[in-house]
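Asks: Questions regarding the structure given below will be posed in turn.
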Amino acid sequence: MNLEEQYYAIALTRMTGFNAAMALQLYQTMGSAQAVYEHRSDIGDAVADATPRLREAMKNWDDALRRAAAEMEFITQKGIRALTMQDADYPQRLRNCPDAPVVLYYKGTADLNQRYVLDIVGTRHCTNYGQDLVRRFVSDLRQQCPQVLVVSGLAYGIDICAHRSALEQGYETVGVLAHGLDQIYPYRHRDDAARMLRQGGLLTEYMSQTEALPNNFRQRNRLVAGMSDATILVESAIKGGGLITCRIAQEYGRDVFAFPGAVGMPYSEGCNRMIRNNTAALITSAEDFLEAMGWQTASQQPQAVERQLFPDLSPEEQLVVNVLQQTNDLQLNVISVKTNIPIGQLAALLFQLELKGVVKPLAGGTYHLLN
């Protein structure tokens, strides 16, 4: 963790007026946010196409540095991490996008660089049909491919349905916000957000005291698309935020899929048009998606040590097994919550269960109960 680089990266976003592409250009040209600051008086010599306005604006960092210092104090108090491009935990898929933020604010438990990352988006006015599609898709996907991070925008409709379905199935899920981490919007989703902090996380490019303005949501959509391998659209009108996310994903060279809907239904028109125009691949199931992506399924995972027949389990070990029988492939922290066993004690129990051939560890701190 380079605190100086965090400090200057936060200030750089202020200096460029949250113009991510401009901040990234300066960062990449100079090699770091601190280097941009050190060359603030001669930025035009380093950046050939720097405008006179930019050259003048970059000379005085006083206000930006004061705001950066206050923000660093805030994130320290709240347990928030500031991820710069020098951090290994910065989303690697997003790093390669031409308008990636030079700093992200993150609070949660999920690895943002999991093997597979998928975002599910759609209308805020979803129907029962759309909700059922999401639930069935996530449930089936979980059974076949346990190593997936589910990403969405914590908005009403398809977004929150995707988050809730992921939580129910034991997936980690990350909500990308259009405001600072000092608030939750919509407020109605605060309980879901609290669960996600324990089983996923919350991510934003906006510092505290940033309101959820309309343009911020459009900017937010590029993070959703950029940090994911693929985008799935579930219900959309002819215009909507989900379509914007799909377009951005295409521009980033990511895979885009859509579930078809009934002809003539308002919230099926966007999906059906994308399928008709070949801008999204049609899927009807998790099997369709996995086949198209070529992701390794659970049946293709290397087999762990053979389970002993009727091993003797302690009451605590049996409690862990009972939880995994109800919902397999859970993260360590999720098992801890469900069993009320402290993390340290639980880790030792899971190690003993692994030795007995009862469970096997998967990537991302997930444990799988062997049949």
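The values are calculated or read from the model by the stated rules, or taken from the named source; none is laboratory data. Please read these numbers as outputs of a predicted model, since none were measured by experiment. Please note: Cβ atoms are built from the backbone with ideal geometry, for glycine as well, and neighbour counts cover all protein chains shown. Ligands, DNA and RNA are stripped out before the accessible areas are found, and what is left, the full protein with its side chains, is counted by its heavy atoms. Shrake-Rupley method; radii C 1.70, N 1.55, O 1.52, S 1.80 Å.
Asks: Might you let me know whether region 69-82 holds any residue that is surrounded by 20 or more Cβ atoms within 10 Å (Cβ to Cβ), among the aliphatic types (A, V, I, L, M), in contact (Cβ under 8 Å) with a residue 24 or more places away in the chain and not in a helix (DSSP H, G or I)?
Replies: Within region 69-82, one or more residues are surrounded by 20 or more Cβ atoms within 10 Å (Cβ to Cβ), among the aliphatic types (A, V, I, L, M), in contact (Cβ under 8 Å) with a residue 24 or more places away in the chain and not in a helix (DSSP H, G or I).
Asks: Restricting the search to region 3-12, which residues are under 24 Å from the mean Cα position of the chain (by Cα) and either surrounded by fewer than 24 Cβ atoms within 10 Å (Cβ to Cβ) or of a type in the set (Lys, Arg) (or both)?
Replies: Leu3, Glu5, Gln6, Tyr7
Asks: Also, I was wondering about something else. Of all residues being touching a Ser or Thr at 6+ places or on another chain (Cβ under 7 Å) and not in a helix (DSSP H, G or I) in region 38-68, which is modelled with the lowest pLDDT? Just the residue, please.
Replies: By that ranking, first place goes to Val47.
Asks: Collect the residues in region 310-357 that are open to solvent by less than 40 Å² (accessible area, probe 1.4 Å), within 25 Å of Arg142 (Cα to Cα) and not in a helix (DSSP H, G or I), keeping them in residue-number order.
Replies: Scanning region 310-357 gives Thr327, Asp329, Leu330, Gln331, Ile341, Gly357.
Asks: Ok, one more. Look through Tyr37, Tyr106, Tyr90 and report the one residue that is buried (at least 18 other Cβ atoms within 10 Å of the Cβ) and over 30 Å from Ser152 (Cβ atoms). Don't jump to the end; show me each part of the working.
Replies: Working: Tyr106 fails: over 30 Å from Ser152 (Cβ atoms); Tyr90 fails: over 30 Å from Ser152 (Cβ atoms).
Among Tyr37, Tyr106, Tyr90, only Tyr37 is buried (at least 18 other Cβ atoms within 10 Å of the Cβ) and over 30 Å from Ser152 (Cβ atoms).
Asks: Residue check: is Asp229 within 18 Å of the chain's Cα centre (by Cα) and among the acidic types (Asp, Glu)? Before the answer, list the steps.
Replies: Values: within 18 Å of the chain's Cα centre (by Cα): yes; among the acidic types (Asp, Glu): yes.
Spelling it out, Asp229 is indeed within 18 Å of the chain's Cα centre (by Cα) and among the acidic types (Asp, Glu).
Asks: I want to confirm something. Restricting to region 200-219 and keeping residues that are closer than 19 Å to Gly79 by Cβ and surrounded by fewer than 22 Cβ atoms within 10 Å (Cβ to Cβ), which single residue is nearest to the chain's Cα centre (by Cα)?
Replies: Our first condition is that a residue be closer than 19 Å to Gly79 by Cβ; within region 200-219, this holds for 200-210.
Now restrict to residues that are surrounded by fewer than 22 Cβ atoms within 10 Å (Cβ to Cβ): 202, 208-210.
Values: Leu202: 8, Ser208: 19, Gln209: 22, Thr210: 20 Å.
That would be Leu202.
Asks: Among the residues of region 40-68, which ones are farther than 18 Å from Leu104 by Cβ and either of a type in the set (Gly, Ala, Ser) or touching a residue at least 24 places away in the same chain (Cβ under 8 Å) (or both)?
Replies: If the condition is that a residue be farther than 18 Å from Leu104 by Cβ and either of a type in the set (Gly, Ala, Ser) or touching a residue at least 24 places away in the same chain (Cβ under 8 Å) (or both), then Ser41, Gly44, Ala46, Ala48, Ala50, Leu54, Ala57, Met58, Trp61, Asp63, Leu65 are the ones that fit.
Asks: Next question. With the checklist (1) at pLDDT 90 or above; (2) closer than 30 Å to Leu290 by Cβ in hand, flag the one item Asn96 doesn't pass.
Replies: Asn96 satisfies every listed condition except (1).
Asks: Follow-up question, since we're still on this one. Cβ-Cβ under 7 Å, sequence separation 6+ or interchain: first residue in region 187-207 and touching a residue at least 24 places away in the same chain (Cβ under 8 Å) and outside any helix (DSSP H, G or I), partner open to solvent by 20 Å² or more (accessible area, probe 1.4 Å) and of a type in the set (Gly, Ala, Ser). Which pairs?
Replies: Once the first residue is touching a residue at least 24 places away in the same chain (Cβ under 8 Å) and outside any helix (DSSP H, G or I) and sits in region 187-207, its partners that are open to solvent by 20 Å² or more (accessible area, probe 1.4 Å) and of a type in the set (Gly, Ala, Ser) give Gly200/Gly108; Gly201/Gly108; Leu202/Gly108.
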